[in-house]
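Read the structure below first, then the notes.
What follows draws every value from the coordinates through simple rules; no lab data is involved. Since the model is a prediction, treat every value here as computed from it, not as a measurement. For neighbour counting, all protein chains shown are included, and Cβ atoms are generated from backbone atoms with ideal geometry for every residue, glycine included.
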């Protein structure tokens, strides 16, 4: 439902936050039940996979006494069990992710139901709670779609190739052991590369070191990984008193810098980016400059960049500021600040 449709429905049919909250609670109960069922199925598949793996190990030890057909069947069973286990784990991860987003949406709806419209002094733009909720949900969905594409084009495609390479190696096992060994070596290298991609995805989703070490070490590591992945020249400067901040401020600033770097890589055609993080005693300031193609800043008001609008919204809610300086052909500078403690 769009914001305009929501406003019309609210005026014409008495739609309110409570109705949306009830629908969300119903969906949350359904997802929770599906997670419980999937966890039970995952346990069964894990036990089955362990049994098949044990059988495969026995077959390997007795390879001289076992026919090639029995070896092939054992490998096929192990591969099938692993595929089923992989699919079920993916399904469970998706359900848990859905539950997480529904819980956040439910909390926002509960907040919106308990409070009146947000004042312009609090939000900076005079938005109602439902407008803020709509923006957050859209941003979350856009991020999930981006990660879905990355997983499909990266690890998911690689897994498909792994299966094919495994089948080739199995067919060559008796006919040409040397070539089979080469194929397995190639498979190992491909698996190592895919494993690193998966680690990068996990880091983007929620870097553990943000909780353990704080904002500055996490930003430094992220910038290093970003430079390696994009081959862009990225310079990070940190000034002020490096220290731990409130967790919600660290998360907000990390996500904002992550979004700004991602935008520069995806849209700006820049070759160089400068990131400045000033950790003052009174305020925290971030600026990201790139030498890319720039853009017409009026597009921000037209809804062209949901990520930038969300950064501005969060900064202003915390009592900070947000600035964009860009023009077509002249690069872009985006800066924001928030109080050191809110």
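Structure notes:
- Test: residue in segment 47-60 that is under 25 Å from the mean Cα position of the chain (by Cα), over 24 Å from residue 169 (Cα atoms) and part of a helix (DSSP H, G or I): no
- Residue within segment 302-321 that is exposed (fewer than 13 other Cβ atoms within 10 Å of the Cβ), outside any strand (DSSP E or B) and in contact (Cβ under 8 Å) with a residue 12 or more places away in the chain present: no
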